[in-house]
Amino acid sequence: MSEAPVTIVEGNSAESMRKFLRALLERKVVSGVFAPCNLQHGVGVVYALVSDVQGISRVNPFAPVMPVNAAGVISEMTRLAPSGEKLAVLLRPCESRALVELVKLKQAHMENLLIIGSDCLGALKLSSLPDKALDTDRIAAFMKESRADAVRDGLRAACAICEHFVPHTGDINVGLFGVDPEKQLLLIPTSEAGAAALAAAGVGSPGEVPPARQKEIEDRRAKRKEARKAYFAKANEEAGGFAKLLKFFSKCIGCHNCRDACPICYCKECFFDSPVFEFEPHKYVDWAKRKGALRLPDDTILFHLTRLNHMVSSCVSCGACAEACPNGIELAKIFPRVADDVQAIFNYIAGKDPREELPLATFKENELSPLGEG
Amino acid sequence: MSDFEPKIVGFFCNWCTATAADLAGTTRMQYPPNIRPIRVMCSGTVDPVYVIRALLNGADAVIVGGCRPGDCHYVSGNMKARRRMAILKTIMKSLGLAEDRVWLRWISAAEGPKFAKIAREMTEEIRKKGPSEMAGAWEA
Ligand code: SF4
Ligand code: SF4
Ligand code: FES
């Protein structure tokens, strides 16, 4: 992109961000802003589609909270058709990657969305959030700690091992690395539409991408690569092999929350909820007799292995599954790890490139040798 | 261990491998009876869930048989099957499960002898490996 980045200085970065979003609404560049917002009657942060300029004061853009993977919500909003009106959508990188996958899966439309992708400092486990609102100081402290990779408590495992903390796609990249977000907000246009929106909003002044940015990103990525490797090696010790896999899932109650929270698992009727899995009573007795006993609800491992087969080539390692598990099963030790291995055989990184075809939607005549031969 | 008889489930494409299996039978070729064949319309219809279900419910191994590349009656079902099986085997490997108990082979309708040979090879190999630990776990 030749267009210059824009710098906004308005109190802290959240204030600057709100100023930009407010301008987008006021100048009718967009008719709505999808962003994390403070609840009015609660202490939590949830996603909301804000249409009224006043409402922008609720937007809490950098709260370390990811209530759900937003791609699932955007898919709900745009599954049938593209949004009729232009909407600004604030997304974390794992959310915009999931959205790209959902578009490929024909479950969402990105036309008419102005994707504002933020550099990501990670999110805290919902269960670890305090009962009081996350105030500006607490958020600023988190951002500092996360920049230094020094968040001690509550960081989601998926975030601690994430290598994709800078968005691959989108229209505007909110740069947090390489700048002091307490002093200024850096908005980098990454598409024509992004540059046009920045110009139309008319806030801030021409800025530049500081040279320190690339270095900070590269250092962080290198550290994360190591952390990911170490985490997966530990996971393999804990859950590698059939017996250990059973042990890993011993607390699984078959609620399928991991599937429901997963942005990629879009099927309206999951195979596992279909009549295929309704059996005559005698079947259960037969199975029990064959194995001596039958765990119920049944098909624990069948469910997880099948879900992996159906979706793992699009898994974006967001960790929403782990957040959703009522029994705290550390699912980031399984799904993202398997996803790395599966995506590697197709040289694919889910959600990175909208032009790349889904691994399951294409093939090459000559590939994967010697599979099938012999 | 010596009297262990592997149970192998075969998902065979109607147009090729299933016909090859019939041919091997009608021409009285010798091959072990360990494979329980299930006829499917194309290797591309085999969802990995069938394979996993077989493995978790008593099969010591699973073989999927399809038409040679370029010969699939539905143009590219076998090519899609190959991707699916590659994913399944990678998942199993990643999780430390015995992915070498899942085979994919192209066996055309005329290849009765090839079918018999593969049935012998597979039975021998699985016999050597012994019973699958995934086969009987009641809590899976
Ligand atoms: S499996 Fe888990 S980590 Fe992967 S996309 Fe789904 S929710 Fe995110
Ligand atoms: S959310 Fe947890 S308990 Fe529920 S099915 Fe998934 S792993 Fe099992
Ligand atoms: S018809 Fe035989 S593999 Fe498709």
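The values are calculated or read from the model by the stated rules, or taken from the named source; none is laboratory data. Note that the structure is predicted; figures quoted are calculated from it, not measured. Glycine also receives a Cβ, built like all others from the backbone with ideal geometry; neighbour counts cover every protein chain displayed.
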- Message: If a residue must be among the β-branched types (Val, Ile, Thr) and out of contact with any helix residue (DSSP H, G or I) (no Cβ under 9 Å at 6 or more places or on another chain), how many such residues does region B:2-18 contain?
- Response: 0
- Of all residues in region A:293-330, count the ones that are assigned to a helix (DSSP H, G or I), more than 11 Å from ligand 1 (Cβ to nearest atom) and in contact (Cβ under 8 Å) with a residue 60 or more places away in the chain. 0
- Return a yes/no flag: does region B:24-41 have any residue that is touching an Asp or Glu at 6+ places or on another chain (Cβ under 7 Å) and within 24 Å of B:Leu97 (Cα to Cα). yes
- Query: Of the residues in region A:16-48, how many are surrounded by fewer than 16 Cβ atoms within 10 Å (Cβ to Cβ) and outside any loop (DSSP other than H, G, I, E, B)?
  - Reply: 2
- Residues (touching a residue at least 60 places away in the same chain (Cβ under 8 Å) and in contact with a Lys or Arg (Cβ under 9 Å, 6 or more places away or on another chain)) located in region A:92-113: A:Arg97, A:Val100, A:Leu102, A:Gln107
- Pick from region B:1-24, criterion over 22 Å from B:Met85 (Cα atoms) and among the aliphatic types (A, V, I, L, M), ranking: surrounded by the fewest Cβ atoms within 10 Å (Cβ to Cβ): B:Met1
- Query: Does region A:340-347 contain any residue that is within 16 Å of ligand 2 (Cβ to nearest atom), buried (at least 17 other Cβ atoms within 10 Å of the Cβ) and assigned to a loop (DSSP other than H, G, I, E, B)?
  - Reply: no
- Is it fair to say B:Arg39 is in a helix (DSSP H, G or I) and among the basic types (Lys, Arg)? no
- Message: Where the second residue is polar (S, T, N, Q) and the first is within 16 Å of ligand 3 (Cβ to nearest atom) and lies in region A:242-263, which pairs have Cβ atoms under 6 Å and are six or more apart or on separate chains?
- Response: none
- Message: Suppose we filter region A:1-15 for residues that are touching a Pro at 6+ places or on another chain (Cβ under 7 Å), assigned to a loop (DSSP other than H, G, I, E, B) and among the aliphatic types (A, V, I, L, M); how many remain?
- Response: 2
- Item | Hits in region A:235-264 (condition: surrounded by fewer than 15 Cβ atoms within 10 Å (Cβ to Cβ), within 14 Å of chain B (Cβ to nearest Cβ) and farther than 18 Å from B:Met134 by Cβ) | A:Glu237, A:Glu238, A:Lys251, A:Ile253
- Looking at A:Leu134, A:Leu198, which is the one that is of a type outside the set (S, T, N, Q), outside the structural domain of A:Asp340 (by TED's automatic domain parsing) and within 22 Å of A:Val6 (Cα to Cα)? A:Leu198
- Task: Please tell me if A:Arg290 is more than 16 Å from ligand 3 (Cβ to nearest atom) and either in a loop (DSSP other than H, G, I, E, B) or on the phi > 0 side of the Ramachandran plot (or both).
- Result: no
- Which condition breaks for A:Cys315 when tested against (1) touching a Pro at 6+ places or on another chain (Cβ under 8 Å); (2) more than 20 Å from A:Glu101 (Cα to Cα); (3) surrounded by 18 or more Cβ atoms within 10 Å (Cβ to Cβ)? (2)
- Scan region A:262-286 for residues that are in a loop (DSSP other than H, G, I, E, B) and within 16 Å of ligand 2 (Cβ to nearest atom) and jot them down. A:Cys262, A:Pro263, A:Ile264, A:Cys265, A:Cys267, A:Cys270
- Message: For region A:297-331: of the residues being within 16 Å of A:Leu246 (Cα to Cα) and more than 14 Å from chain B (Cβ to nearest Cβ), which is farthest from ligand 3 (Cβ to nearest atom)?
- Response: A:Gly328
- Would you tally the residues in region A:74-91 being under 16 Å from A:Gly351 (Cβ atoms) and either free of Cβ contacts under 8 Å to residues at least 24 places away in the same chain or among the hydrophobic types (A, V, I, L, M, F, W, C) (or both)? 3
- Message: Would you confirm whether or not region A:108-125 contains a residue that is at pLDDT 95 or above, more than 16 Å from ligand 2 (Cβ to nearest atom), away from chain B (no Cβ under 14 Å) and touching a His at 6+ places or on another chain (Cβ under 9 Å)?
- Response: yes
- Message: Tell me the residue from A:Phe248, A:Phe272 that is more than 18 Å from B:Ile91 (Cα to Cα) and away from ligand 1 (no atom under 13 Å from the Cβ), please.
- Response: A:Phe272
- Subset of region B:94-140, residues of a type outside the set (Val, Ile, Thr), closer than 28 Å to A:Ala233 by Cβ and more than 7 Å from chain A (Cβ to nearest Cβ), comes to B:Ala98, B:Glu99, B:Asp100, B:Arg101, B:Lys129, B:Ser132
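Taking only region A:353-373 into account, find how many residues are at the interface with chain B (Cβ under 7 Å from one of its Cβ atoms) and of a type in the set (Gly, Ala, Ser).
Looking only at region A:353-373, we keep the residues that are at the interface with chain B (Cβ under 7 Å from one of its Cβ atoms), and these are A:359-360, A:363, A:365, A:368, A:371-372.
Then drop every residue that is not of a type in the set (Gly, Ala, Ser), which leaves A:372.
So the answer is 1.
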- Within region A:331-339, can one find any residue that is assigned by TED's automatic domain parsing to the domain that holds A:Lys247 and outside any helix (DSSP H, G or I)? yes
- Message: For a quick check of your reading: which helices (runs of 4 or more DSSP H) sit entirely within region A:66-166 and have at least 2 residues that are of a type in the set (Val, Ile, Thr)?
- Response: A:70-78, A:93-104, A:136-147
- Note on the structure: A:Asp353 vs (1) part of a loop (DSSP other than H, G, I, E, B); (2) under 30 Å from B:Cys72 (Cα atoms): all pass except (2)
